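The values are calculated or read from the model by the stated rules, or taken from the named source; none is laboratory data. Bear in mind that the values here come from a model prediction, so they are computed numbers and not experimental data. Here Cβ is always computed from backbone atoms with ideal geometry, including for glycine, and neighbour counts include all displayed protein chains. In case anyone asks, the SASA skips ligands and DNA or RNA and just uses the protein heavy atoms, side chains included. Shrake-Rupley method; radii C 1.70, N 1.55, O 1.52, S 1.80 Å.
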Amino acid sequence: MKILAVLYKGGKAAVEEPRLLGTLENRLGLSDWLQSLGHEFIVTDDKEGPESVFQKELPDTDILITTPFHPGYLTGDLIRNKAHKLKLAVTAGVGSDHVDLNAANEKKIIVAEVTGSNVVSVAEHVVMDILALVRNLIPAHEMIERGDWVVADIARNAFDLEGKVVGTLGCGRIGFRVLKRLTGFDCKELLYYDYAPLPAAAEKEIGARRVEDLHEFLGQCDIITINAPLHEGTRGLVNKELLQHVKKGAWIVNTARGAICDRIAIKEALESGHINGYAGDVWDVQPAPKDHPWRTMKNPLGGGNGMTPHYSGTTLDAQKRYADGTRDILERFFKGEDQIPANVIVADGGYATKAYGQRK
Ligand code: NAD
């Protein structure tokens, strides 16, 4: 079979650090194994436009492997007009929105991801981002690097997490783990908004309360963390209109997908001071263009921006888990065995998961 992988370039770092498995150079650690089975394995980071290696190799590819960190966007057009032989699209990681899932269903392509592989990695990152924003860490560090020392300029916008209301929009594997990690901070309340309620025992374990109306949920949160997949029901959800329901001075952390938030609406809300901070590692296009407003936007006090490149789910620990998980998905596919059910996003022309929106 022909297997094509789109992975980010590791360069010198990947040569020096072989545990950077999810890179162009280290090929998810799959090269020798796939070759020993007689498969052709092509790996590229060249993914944009009709002349890219990705699009040129796609027509006779049987299995595509992509990651959310450097997404090879498998659009409806590519699925319908170029991916003639594609049977399986694997996401080495979590989050398969870079594949047009409805088009995959039309063509009965299986889409599978390594569910759970980096959920702890992301949950830890969210807690870090919340603390960085609420405590005003980044401007404080920048001040030190500049050689300045004006404590009041930082302290005027630094708060404790204790006593705040934190809510997660989407409370699946990551959202739940974020709230669980926050139980030690004596927050005023932990809330969640999700069409799928947590099991009663899980809700009780972390002392979380479900709020069924999105506007009410937003109006109650001091800190909002977004942990829902990107799908038709969440694309552009956090727009100018919705932001009006967010408490003035709230902080937003989005490590789910950039396109859940409207680029300009977020920038304007931060610059006007309506929200006090925005952090996360996901962007509406990746890599983010150099002039993307989220790189440099600031609140009126010159802080409130905790954006990073997309790396929360690609720690070295996570890379090992999603490389192993990708191999397991391939192994099962080659042997004609069933996939682990939680890993299957779409198969046999339909959604196998309830996480990508409410459908009939
Ligand atoms: P999950 O499937 O366990 O949970 C997702 C939850 O979101 C589900 O409970 C679902 O019901 C809920 N949901 C879906 N649509 C919703 C909506 N419109 N409103 C409210 N809730 C909604 O998934 P997970 O493992 O927790 O991952 C969540 C997302 O995080 C992934 O889909 C991916 O986009 C993102 N992610 C990012 C990184 C990263 O490196 N930044 C890594 C892993 C996952």
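Points worth noting:
- Residue ranges 330-343, 118-131 sort as 118-131, 330-343 when ordered by packing (mean number of other C-beta atoms within 10 Å per residue, highest first).
- The chain, relative contact order [Cα under 8 Å, separation at least 6], %: 17 percent
- Top of TYR193, TYR278, TYR311 by mean-square fluctuation, Gaussian network on the chain, Cα under 10 Å: TYR311
- Computed on segment 1-107, with alpha-carbon pairs under 8 angstrom and 6+ residues apart, the relative contact order is 28 percent.
- About the centre of its Cα atoms, segment 119-307 shows a dipole size close to 120 debye [charges on the beta carbon of Lys, Arg (+1) and Asp, Glu (-1) only; nearest 20 debye].
- Sum of side-chain charges, PHE176 neighbourhood, beta-carbon under 13 Å (Lys, Arg +1; Asp, Glu -1): +3
- As a rough guide to protection, the peptides 53-62, 205-214 ranked by mean Cβ packing within 10 Å, highest first, stand as 53-62, 205-214.
- Between ALA200, PRO300, GLY147, the Cα set farthest toward the positive side of the dipole of the chain (charges on each charged residue's Cβ, about the Cα centre) is that of ALA200.
- Database remark: amide H of ILE65 closer than 5 angstrom to the amide H of LEU4, ALA5, VAL6, VAL90 (H placed geometrically; neighbours at sequence offset of 5 or more, or on other chains; Pro and chain starts carry no H).
- Each Lys or Arg adds one and each Asp or Glu takes one away; over the other residues whose Cβ falls under 12 Å from the Cβ of MET297, this sums to +1.
- Our coupling estimate for segment 89-106, obtained by passing each phi through the Karplus curve with A = 6.51, B = -1.76, C = 1.60 and θ = phi - 60°, is 10, 9, 9, 7, x, 10, x, 10, 5, 6, 9, 6, 5, 5, 5, 4, 5, 4 Hz, Gly and Pro reported as x.
- Computed over segment 119-307: relative contact order in percent, which uses C-alpha pairs under 8 Å that are six or more apart: 21 percent
- Applying a length cut-off of 18 Å (Cα extent along the axis) and a mean Kyte-Doolittle floor of 0.5 to the DSSP H helices of the chain leaves 119-134.
- With the helix formula -39500 (n - 2.57) applied to DSSP H stretches of n ≥ 4, the chain reaches a computed 222 nm mean residue ellipticity of -9000 deg cm²/dmol.
- Probe 1.4 Å, accessible area per residue of segment 119-307, Å²: 46 Å²
- For trypsin sites (Lys or Arg not before Pro), the sites in segment 230-267 that DSSP calls loop and that have at most 11 other Cβ atoms within 10 Å are LYS248.
- Rounded, prolate or oblate (a/c below 1.5 giving rounded, otherwise prolate when a/b exceeds b/c) for segment 1-65 by Cα gyration tensor: oblate
- Computed with a 1.4 Å probe over protein heavy atoms only, the accessible area of ARG177 comes to about 80 Å².
- Segment 306-360 and segment 17-56: distance between their alpha carbon centers, rounded to Å: 18 Å
- Selected from PHE41, TYR73, GLY357, residue furthest toward positive end of dipole (the chain; charges at beta carbon): GLY357
- 5 angstrom amide H check on THR225, placed H, neighbours 5+ away: GLY167, THR168, LEU169, VAL253
- Across ASN227, ASN102, ASN254, mean-square fluctuation computed from a Gaussian network of the chain (C-alpha pairs under 10 Å connected) peaks at ASN102.
- Solvent-accessible surface of protein heavy atoms, probed at 1.4 angstrom with all chains present, puts HIS84, HIS215, HIS310 in the order HIS84, HIS215, HIS310, largest first.
- Dipole magnitude of the chain, debye to nearest 20 (Cβ charges: Lys/Arg +1, Asp/Glu -1, about Cα centre): 360 debye
- For segment 24-30, 3J(HN,Hα) computed residue by residue from phi via the Karplus equation (6.51, -1.76, 1.60; θ = phi - 60°) reads 3, 6, 9, 6, 6, x, 9 Hz, glycine and proline entered as x.
- Phi-based couplings in Hz for segment 220-233 (Karplus 6.51, -1.76, 1.60; Gly and Pro marked x): 9, 8, 7, 10, 10, 10, 9, 9, 10, x, 8, 8, 4, x
- Taking amide H atoms as placed 1.01 Å from N in the peptide plane, the amide H of TRP283 lies under 5 Å from those of GLY258, each 5 or more residues away in sequence or on another chain.
- Listed residue pairs exceeding 25 Å between alpha carbons, taken from LYS107/LYS354; LYS9/LYS108; LYS247/LYS290; LYS9/LYS320: LYS9/LYS108; LYS247/LYS290
- Environment charge of ASP222, counting only residues whose C-beta is closer than 15 Å and scoring Lys/Arg +1, Asp/Glu -1: 0
- Surface share of carbon and sulfur [accessible, 1.4 angstrom probe, percent] for the chain: 52 percent
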